[in-house]
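The values are calculated or read from the model by the stated rules, or taken from the named source; none is laboratory data. For clarity, every value in this text was computed on a predicted model and none was experimentally measured. We place every Cβ from the backbone using ideal geometry, glycine too, and count neighbours over all the protein chains shown. The area values use the complete protein model at the heavy-atom level, side chains included, leaving out ligands, DNA and RNA. Shrake-Rupley method; radii C 1.70, N 1.55, O 1.52, S 1.80 Å.
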Amino acid sequence: MKIAVFGAGSIGAYVGGSLLAAGGDVVFIGRATVRERIARHGLVLTDLRGKKIAIVASDVHFEPDAAALAGADLILVTVKSADTASAAVSIRNHAKPGTLVISLQNGVGNIDALRLPDCGVLGGMVPFNVVQLPDGRFHRGTEGELMVQASPALARWSPLFAAAGLPLIQRADFVEVQWGKLLLNLNNPVNALSGLPLKAQLAQRSYRRCLALLMDEALSVLRAAGISPAKIARVAPGVLPTVMRLPDPLFRLLAGAMLRIDPEARSSMWEDLQAGRRTEIDYLNGAVLKLARSLGRDAPANRRVVDLIRAAETGDRKSLDGNALYRALTM
Ligand SMILES: NC(=O)c1ccc[n+]([C@@H]2O[C@H](COP(=O)([O-])OP(=O)(O)OC[C@H]3O[C@@H](n4cnc5c(N)ncnc54)[C@H](OP(=O)(O)O)[C@@H]3O)[C@@H](O)[C@H]2O)c1
């Protein structure tokens, strides 16, 4: 029962480390920077409730090469969406037939990009946020449970995930789950452009108003496409924009649970911009735009936020306050 984590970054290290700590046989496939980080600090996982798991570096099997996929019975794909196609090629080249592959990525196109003739591929949805902190920790800053496309193939893996504190919730309506998560991920560029931690950004109505605009547009496109996004947050998708537009005191009163976020948590899009990496914007707000265009429509606010992030990726990296961002999305 060997597990390979393909793309050991924030999510891969947190999920794989949790499974390792629960007794799983895990190999991490990732970059030298992450390997060095683990060599220096060990694999240290913390969460917003104060949980801490520290695994000594010598107990962490870390490989730079995808050839390490060969022995795996389960592969967790945790690369960013732009790397999924090349991850699929590596899996095809190295994995043994019959291996189960679970994508733990955001976005709605990764399962198709991973279609592998000899492996079963399931979609997974990670509802919580993980950041890599300067002191070497992989820190989980929000709550929520892993959801996976329902399949009998999960029976042998579910007990280990449960023991790791990551119970797998099986969902038959996984397309709706993915779109429900994507609606929440529309905040990623808002957060990245704010330059603020998630909690501080979401506490301000001026930023939530931007998010509400992006969500309204996405909900309208999804309605036209006949897709009903699943409820992932505490609030049903259809009322999310209304809740986001509430004045701050009312938002805190009625939706305070949405602010139960570690003050350190940031979106991975913010991390990508800081590191000068390409973001997942094309797979998040860009997916709304793509769906809109397939229906002969536009999604102007999502189109504009895609453009803003593309500009930030190429060096135009300024923080925008909520009102300036709203103007940029509606001009
Ligand atoms: N972080 C979160 O809080 C969070 C929450 C929910 C869902 N997600 C989703 O989870 C997925 C992973 O996000 P993340 O934040 O964990 O990303 P991440 O920190 O960038 O981790 C991915 C890692 O995989 C590496 N990688 C890419 N291709 C590789 C290859 N062929 N061989 C070895 N390593 C490779 C990347 O290296 P390079 O950077 O050098 O390419 C990076 O270190 C994304 O779809 C994201 O949207 C993230």
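For this structure, a couple of remarks:
- Among the residues of the range 181-203, those identified as of a type in the set (Gly, Ala, Ser) and more than 13 Å from the ligand (Cβ to nearest atom) are SER194, GLY195, ALA200, ALA203.
- The criterion of at least 3 residues that are in contact (Cβ under 8 Å) with a residue 60 or more places away in the chain is met, among strands (runs of 3 or more DSSP E) falling completely within the range 94-203, by 130-132, 137-140.
- Residue check, TYR283 surrounded by fewer than 21 Cβ atoms within 10 Å (Cβ to Cβ) and touching a residue at least 60 places away in the same chain (Cβ under 8 Å): no
- Output for the range 304-331, where each listed residue is within 21 Å of PRO197 (Cα to Cα) and either open to solvent by 70 Å² or more (accessible area, probe 1.4 Å) or basic (Lys, Arg) (or both): ARG310, ASP316, ARG317, LYS318, SER319, ASP321, ASN323
- Members of the range 16-31 that are near the ligand (Cβ under 9 Å from one of its atoms) and either over 14 Å from ALA66 (Cβ atoms) or of a type in the set (A, V, I, L, M) (or both): ILE29
- Yes/no for ASP118 being open to solvent by 20 Å² or more (accessible area, probe 1.4 Å) and within 11 Å of the ligand (Cβ to nearest atom): no
- Of the residues making up the range 243-263, those that are surrounded by fewer than 16 Cβ atoms within 10 Å (Cβ to Cβ) and charged (D, E, K, R) are ASP248, ARG252, ARG260.
- Residue in the range 55-67 that is more than 16 Å from the ligand (Cβ to nearest atom), small (Gly, Ala, Ser) and in contact (Cβ under 8 Å) with a residue 60 or more places away in the chain present: no
- Only one of the numbered conditions (1) surrounded by fewer than 23 Cβ atoms within 10 Å (Cβ to Cβ); (2) in contact with a strand residue (DSSP E or B) (Cβ under 9 Å, 6 or more places away or on another chain) is violated by LEU166, and that is (2).
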